[in-house]
1. Taking the condition surrounded by 14 or more Cβ atoms within 10 Å (Cβ to Cβ) and farther than 25 Å from A:E737 by Cβ, does A:R802 pass?
2. For residues in region A:578-592 being of a type outside the set (S, T, Y) and more than 7 Å from RNA strand B (Cβ to nearest atom), which is farthest from A:L68 (Cα to Cα)?
3. Scan region A:309-340 for residues that are part of a loop (DSSP other than H, G, I, E, B) and open to solvent by less than 50 Å² (accessible area, probe 1.4 Å) and report the count.
4. Right, A:S469: within 30 Å of A:K35 (Cα to Cα), among the small types (G, A, S), at pLDDT 95 or above and touching a Phe, Trp or Tyr at 6+ places or on another chain (Cβ under 7 Å) or not?
5. Does any residue in region A:577-596 that is over 17 Å from A:P707 (Cα atoms) come within less than 6 Å, Cβ to Cβ, of a residue that is among the aliphatic types (A, V, I, L, M) and more than 6 Å from RNA strand B (Cβ to nearest atom) six or more places away or on a different chain, and which pairs are these?
6. Residues being open to solvent by 50 Å² or more (accessible area, probe 1.4 Å) and not in a helix (DSSP H, G or I): count how many of those fall in region A:290-301.
7. Do you know which of the residues in region A:621-638 that are buried (at least 20 other Cβ atoms within 10 Å of the Cβ) and within 12 Å of RNA strand B (Cβ to nearest atom) is nearest to A:D732 (Cα to Cα)?
Amino acid sequence: MSDAAQKELPKGYEPRDVEERWRVFWEENACFTPKPEDPDKAEAAPYSIVIPPPNVTGNLHIGHALNLTLQDILCRHARQLGKQVLWVPGEDHAGIATQNVVERRLAAEGKSRHDLGREAFIERVWQWKEEYGDNIRRQIRAMGASVDWTRERFTMDEGLSRAVRHVFVRLYNEGLMYKGRYIINWCNRCHTALADDEVEHSPQKTSLWLIRYPLEDGSADLVVATTRPETMLGDTAVAVHPEDARYARAVGKNVRLPLTNRLIPVIADGYVDREFGTGALKVTPSHDHNDWHLGRKHNLECIQVIDDKGSMNEHAGAYQGLSKEDARSRVVADLESLGLLQEVREYENSVGRCYRCQAVIEPHVSVQWFVAVKTLAEKAKNAVPEQTRIFPASWLKTYYAWLDSIRDWCVSRQIWWGHRIPAWTCDNCRKLLVLESDPATCPDCGHSAFTQDPDVLDTWFSSALWPFSTLGWPDDTPELRRFYPTSILVTAFDILFFWVARMMMMGLHFMGQPPFLHVYIHALVRDAQGKKMSKSTGNVIDPLAMIDKYGTDSLRFTLAVFAAMGRDIRLSEDRIESSRHFMNKIWNAARFALMNLEKDAPGPLDVAAAAALHHRWILHRLEELKSGQLAALAEYRFNDAAQALYRFVWHEFCDWYLELVKPDMQSESGERAASARFILWTALREILILLHPFAPFLSSEIWNVLPGNERSADLSSVAFPPQRDLAHFAEDAERMEMLQEAIVAVRTIRAELNIAPAYRLTVLIRPADAGAGAFLEAHRQLIISLARLDSLTIDPAAIIPRLSASNVAKGNEIIVPLSGAVDCAAEVSRLDKELAKLDKEHAMLSAKLANPSYRQKAPQDIVERDQTRVAELRETQGKLRILQEKFVEGLRRETEN
RNA sequence: GGGCGGUUAGCUCAGUUGGUAGAGCAUCGGCCUUACAAGCCGGGGGCCACAGGUUCGACCCCUGUACCGCCCACCA
């Protein structure tokens, strides 16, 4: 940091000037690039995280910012604890999403992907990726993420593609990957199959049509209820409940399907809900998931009437060529004219939509590749919580429930952008070959012409391998040996199933160990309406705008301080602004310290024997902060850690300690100033270290100019400050409160009686006892300085002047003689108010203590504490009343004279 | 239908093992006290959703109710 060499800080903190220099510094010095085989680090514990790879298509949104912030806090903290840390960055190719984006671009040029052809289209997507992958890289970098860029990965890069093929082939050979005909979720717009969890359900107003299906023998009509009349053309049965008396006679007979005149059987199945609709269900195995299962069970024919573009096909007879929407109206109209439409009811059901493009999903029967997940899911389930712990644990149930109800995973997608399925068919003998490398000759017939399966794999297939594929698997690499399993996965709950559960399955199956020891599931950052932000809806907030306006550290600190476990964050700009205030506060505290410190590091001094009270106090509090932070971060209580830091730095270090230290600095005594300098320097130094995981830029910048540090001092490599045993300061720290209360008492009188802050008061203190008197006497300078006094008399026998405002603090009577024009009524009512407050507390406590069972059953220390408090209150009230009476009397004599 | 979470100051939210509540912003009063007006000092403001229960004692534990939100499964 050569150009930041002047050991002086500008007046306000300007993040923009500072941040970029540090990003460059960290990269140029390879600060976050661990060497797994470094003998010096052999003793260090490994700590690793793989980044949840953002989509190449998107911009980083505020949710990513939260995700990155939390991971970075953990990584930087782990480095401070002496661990060898690897954080692997990377991006996801996001099959459907990316293809959609590029296709939209092509559409703007009036072209479709088919105009380009597969090769050229994929080339086009790669170009897009190069452009936008860089965008995301810049944004991760902007957040200050301490990732190892030398190990950046992309789900479609060569190594990961190899891992994907390897996994596919092994699963196939193990019988866990199979090709089968099945009903799947089909998106007409994306023109591909989707996995069950890629379908989002939302309510929709529609109608329930009641249609009459005449029995073949003409004895009666069966009335079925449906929300999709157009699919009736593909009906192959009508199902009723086996115990439904209304339909008992119809079971086993046939009905004549209207509009087609096909005969279809009436079957009985317990699946049918007698209460719903008419209790008779039309069964269309080709176009409904439940009907598909029913059809399989009853060996029903499967007639597909809607094609993969959403139009009626040749099996739809007269309706062929119509869109499914047009077919619906025509079918309904035709039924009505035939008198077969009994009723139309208003109805609301939920309709499945594509999670990428929101188009309505059509159940569709086709040949797809599936992963048999039963055994994999079982392993994933059993590994939690013994091998992998989930935070917060409330997600356990959800995790188990999902794995319990999981169905085979449809992994083939009919798009072009993605990992091509490594399966070939021999052009000659039709043999299917599943291989890691392209086949040369057919093992059966010796021919060498093959056709590769045109489909690609689900994006989440490669994502599932991420924790080990990024470390070099299937090769046996030093990274893999050192850093697998990873320490923790940090992610939002919305991809718990898509991603986390599948990583667990694949990691356990292929590595024999779970992919991570801990999973921390953080909040979702929601928009102003509390709605989930998503790339496809476009309601995202650009964290870069916040960074630009308030600085990265402010954004990071805000996200951390609100990251309470298990609760969503609704982010607003004024919160980020208040974090900026905090950053600036620290900056100025540092400026003050630097003004008072000398060029070289002060000291050394025996901290455990620190002389003055305020030094002992701040050091003691600092130790408490340190152990608090260690505990909080170990349990992922980011908000607790950040909040404790905030309170300590602002309200203890700045509000009190810096003020207390001012007189030291001006002191004649060189020794006193020297020890103050050392403690100030020590406290600031450690504050910066504690702050660093949360605000890496600001802390680094200040660290860099702190006396005693080299010009290129790198805070990111500085260890967490060793803890000191300062338990013997605890009593001093407590007595500090007496001082603070006395000072506040004077300030309150000043404020409420409207005495100018600049006016130097004369104050008398009648101490509670000899001990308090000696104590206050010993620290009279601090009181004079912080309460802005002219003179201070500490004397148990001090005469109370006629007109004087007063307060009682820990039994000490604080008396401020008044002169000149004073608002006397204000003082009387102030004391009234004060007394009323004490009365209330006194009444509450004495009622409690009057209860015999309380005195009997409550823990002794609690009872004693209350008793002490009551005695204290009584004493304070007594003194305050006397002081008030004296004041009133003084007033009266004034007026008499 | 199943599961999860929420209800605390005007707003947005914290609250570690039960000992009657805190922050930020907002608000009121006073201050350019030479680190910081992005600041300092002081004040006001809460039957902790409601009803029961356990307990000496409940924001906290248990049961139920109301409203809000999310996830999963979906009755055609």
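1. Considered against the rule, which asks whether it is surrounded by 14 or more Cβ atoms within 10 Å (Cβ to Cβ) and farther than 25 Å from A:E737 by Cβ, A:R802 comes out as yes.
2. Looking at residues that are of a type outside the set (S, T, Y) and more than 7 Å from RNA strand B (Cβ to nearest atom), I get A:A590.
3. Residues in region A:309-340 being part of a loop (DSSP other than H, G, I, E, B) and open to solvent by less than 50 Å² (accessible area, probe 1.4 Å): 5 in total.
4. no
5. Listed pairs, sorted by first residue: A:M583/A:L698.
6. Within region A:290-301, residues that are open to solvent by 50 Å² or more (accessible area, probe 1.4 Å) and not in a helix (DSSP H, G or I) number 3.
7. Going through the qualifying residues, I end up with A:F638.
Here is a yes/no grid of residues against (1) among the acidic types (D, E); (2) open to solvent by 10 Å² or more (accessible area, probe 1.4 Å); (3) in a helix (DSSP H, G or I):
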residue	(1), (2), (3)
A:V147	no, no, no
A:A163	no, no, yes
A:L171	no, no, yes
A:K179	no, yes, no
A:I184	no, no, no
A:R189	no, yes, no
A:Q204	no, yes, no
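The values are calculated or read from the model by the stated rules, or taken from the named source; none is laboratory data. Remember, predicted model here, so these are calculated numbers, not experimental data. Reconstructed Cβ throughout: ideal geometry from the backbone, glycine too, with neighbour counts over all protein chains shown. Protein only, heavy atoms only, side chains kept; ligands, DNA and RNA dropped before computing areas. Shrake-Rupley method; radii C 1.70, N 1.55, O 1.52, S 1.80 Å.
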